[in-house]
Amino acid sequence: MFEVVRRKADWDDIRLFWCVAESGSFGAAARALDAALTTITRGVDRLESSLNTKLFERGPQGVSLTEPGARVYDLALTMERSSRALENAILNSESTLEGRVKVAARDGLAGLILSTQLLTFLDDNPRIDVVLDTARHPDRPMAGEVDLTLTFAAPTHPDLVAAPLAHFLSGHAYIHHVAHIPAVNDPDGRRLAFMSLLRKRFVTNSSASSFNAIRLGAGLSVLPTAVLSIAPELVMLDLPVTSLQLWMVRHRDVGKSARIRRVEDWLRQIFDPRTQPWYRAEFIHPSEFARFPQARRAV
């Protein structure tokens, strides 16, 4: 009995070590696990003591693995994947439309698009609960691991499955959204040159705040043409168009879960370019939306 308990404690410490290595710091690991910082540091200290070796170099910018730490990390990664495989084996046996699904998305997608479609989905699926995480408060993470992620960057990790979901096209329409700068392609620098001439009256990192400021007439900004399905009173300036592709990402092993497949289908319906032309890869000017009789408004 003692050996079983001892091994369980060792695995807990290995998981803490692995999370610190993945996160890059003890503080980030504590936030990711929703645990006290002392819990993380003590667990790693115990592991270093039991292995009689130093696993991390601590510094003001975070941690880096020592040579023994890198070897332990490789083994811990294998153990973590085996643990996930065990959990997913149980998850994949689920065939009922019941349980919780956690979706991670930027606040603009979550607040302006997903939440407006949520009531119908919940009514149609009364036993599925949805957790919508916008990661706006990293110091107070929402419980549970993410099942589906909506992102504008296609992942390359072999354990992740990414499906193209929609295209967001916009004209240079100035409310300054700081997160848009690195995300939008600007091969010849004209966009940044244009924006350098503008006075930034309002600066934010929130898509929802940016949208509402524009809607209230506070200034111009860059928004996807899809917002005209929400606020048709806005006017698009006919300037060069940029494009972002939205991806739906999940872990490779969770695809057999009935409730997650149902949420995937719901997200595909929300961003279906056949019924909502503003999500197509080719640019369709908002003035042409009316010629698509099958188009339905986002709200």
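The values are calculated or read from the model by the stated rules, or taken from the named source; none is laboratory data. Computed from a predicted structure; not experimentally measured. Don't worry about glycine lacking a Cβ; one is built from the backbone with ideal geometry, like all the others, and counts go over all protein chains shown. Only protein heavy atoms, including side chains, enter the accessible area calculation; ligands, DNA and RNA are left aside. Shrake-Rupley method; radii C 1.70, N 1.55, O 1.52, S 1.80 Å.
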inquiry  = Taking amide H atoms as placed 1.01 Å from N in the peptide plane, list the residues 5 or more away in sequence, or in a different chain, whose amide H sits under 5 Å from that of residue 246.
reply    = 165, 166, 167, 168
task = Could you let me know the centre-to-centre spacing of region 97-139 and region 19-45, using Cα atoms, in angstrom?
result = 27
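At a Förster distance of 35 Å, what's the computed FRET efficiency of residue 163 paired with residue 49, Cβ-Cβ distance as r, to 0.05? Each step should come with its number before you reach the end.
Working: r = 45 Å, r/R0 = 1.29.
Once rounded, the FRET efficiency stands at 0.20.
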Phi-based couplings in Hz for region 125-132 (Karplus 6.51, -1.76, 1.60; Gly and Pro marked x) = 10, x, 9, 9, 9, 10, 10, 10
task = Figure the gain on full extension for residue 41 and residue 67 (residue separation times 0.36 nm, minus the Cα-Cα span) and round it to one decimal in nm.
result = 7.4 nm
remark   = From most to least accessible, 1.4 Å probe, no ligand or DNA/RNA atoms counted, 12, 107 line up as 12, 107
task = Report, by chain and number, residues whose modeled amide H sits under 5 Å from the one on residue 129, excluding near sequence neighbours (fewer than 5 apart, same chain).
result = 99, 100, 101
